[in-house]
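S.K.: First, the structure itself, so that you have it in front of you.
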Amino acid sequence: MAKKKAIKVNKLLKVALTPRVFMLLVAIILVVAMMLAAPNSTLNKKDLHKTIKPKSNSQTILKPKTVVTPVATPAPAPVTTKTAASNPPSTIKSSAPVTPVAATAPTPGKSVSGLTPSSSGSSTTGSSTSGNSNTGSSTSGSPANIAYASLNWAGYMANTGAFTAVSGNWLATSPTGNGSTTSADATWIGIGGVNTSDLIQTGTDNIVSSSGNVTSSAFYELLPSAAETIPSMAIDPGDHMSASVTELSAGIWDISLRDNTSGQSFTTTVSYSSSNSSAEWIQEDPSYGNGRLVPFDNFGTAYFTNGLTTINGTSEGTTLSGASGIKMVNGSGQTVALPSSLNGGNFNVTYQ
């Protein structure tokens, strides 16, 4: 019996001592030995996790948080409070009057200004001179019918009836300035502007600088619009001018101006609503765009000839149309420009 047990043990030993079984036994023995040698043989998954990834604290964090340095906000620029002393001189308003820029063409925005019956009545003697119609001089020394005074017009007007045409000739004036400011004068014919605010006109004008330089031009104007300079015509003082303003049909007008000295001419057809209430042959003190009168230059004498108008369908000279004289006065009532008596369609206006 004992011999049989020994034989079984030997067989088991042979099997156990095979290389594979031997290696397995060795491995088991090593694992058991390592477990027994560990300080805590009861490690579990939870403890293993704690060992690999300890709790976060300031001493054990391997990668500390990045500290972001705040960017300083730039301080706003100081606000400078302006005082009266720091203002540049150009911002200080001066109480001194400012001379406006001279108008390039007459712009009587209020038509005839300050028209009143003349205190001198119809017996005032004008400053007529001898001569003929070629020079523009009036040939009569009879009393002028100066029925009105105005602040900006001098000459003759007819204002009884319906006027559909006006024409006349004149010499472009030769002005001198006052030596201190811009001054001006204008010579023209037109329809309207006496009893109403409408006025259609054409003529010549002069602007004289404070240094005495004279700029002459031709123009036409349809109030309330500003005057239109005619750039195609070059005007010189002393040129012989002729002009007409004619209503071709209701509201359609022909405006014609000719410089007989140079041969230049201008014609245009316009649409304009006119009251047809008056006709004029005028020497004028122009005004700026705001209506303020330009200082009047010394134009010498303006010579008008061949004044004609069509009234109620009939063409008549200035005498037959009942034209009345207008003298120009200043704000104090002193005469500035005076028309002579009429001789047919001829008369003068002289600076006083």
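FYI, it's all coordinate maths here, none of it is from the lab. Not measured: the values here are computed from a predicted model. Because the Cβ atoms are built from the backbone with ideal geometry, glycine has one as well, and the counts that use them run over all protein chains shown.
S.K.: Provide the net charge surrounding residue 182, with neighbours chosen by a C-beta distance below 13 Å and charges set as Lys +1, Arg +1, Asp -1, Glu -1.
M.R.: Counting the neighbours of residue 182, the net charge comes to -3.
S.K.: Right, here's the next one. Averaging sequence separations of C-alpha pairs under 8 Å and six or more residues apart, then dividing by the length of segment 166-283, give the relative contact order as a whole percent.
M.R.: Details: 310 pairs, mean separation 35.2, N = 118.
Once divided by the residue count of segment 166-283, the mean separation gives 30 percent.
S.K.: Spin-label point model (7 Å from Cα, Cβ direction): what's the residue 290 to residue 229 distance in nm?
M.R.: Going from the residue 290 label point to the residue 229 one covers 2.1 nm.
S.K.: Using amide H atoms built 1.01 Å from N in the peptide plane, name the residues 5+ places from residue 261, or on other chains, whose amide H lies under 5 Å from its own.
M.R.: For residue 261, whose amide H was placed from the backbone, the distant partners under 5 Å are 240.
S.K.: Under the classification rounded if a/c is under 1.5, otherwise prolate if a/b is larger than b/c and oblate if not, where does segment 116-351 fall, given a ≥ b ≥ c as square roots of the Cα gyration tensor eigenvalues?
M.R.: rounded
S.K.: Let me ask something additional. Net charge near residue 242: determine it from the other residues with C-beta under 9 Å of the C-beta of residue 242, scoring Lys and Arg +1 and Asp and Glu -1.
M.R.: Once all neighbours under 9 Å are counted, the net charge is 0.
S.K.: Taking 7 Å along the Cα-to-C-beta vector as the label spot, tell me the residue 162-residue 267 distance in nanometres, rounded to one decimal.
M.R.: The answer from the label model is 2.6 nm.
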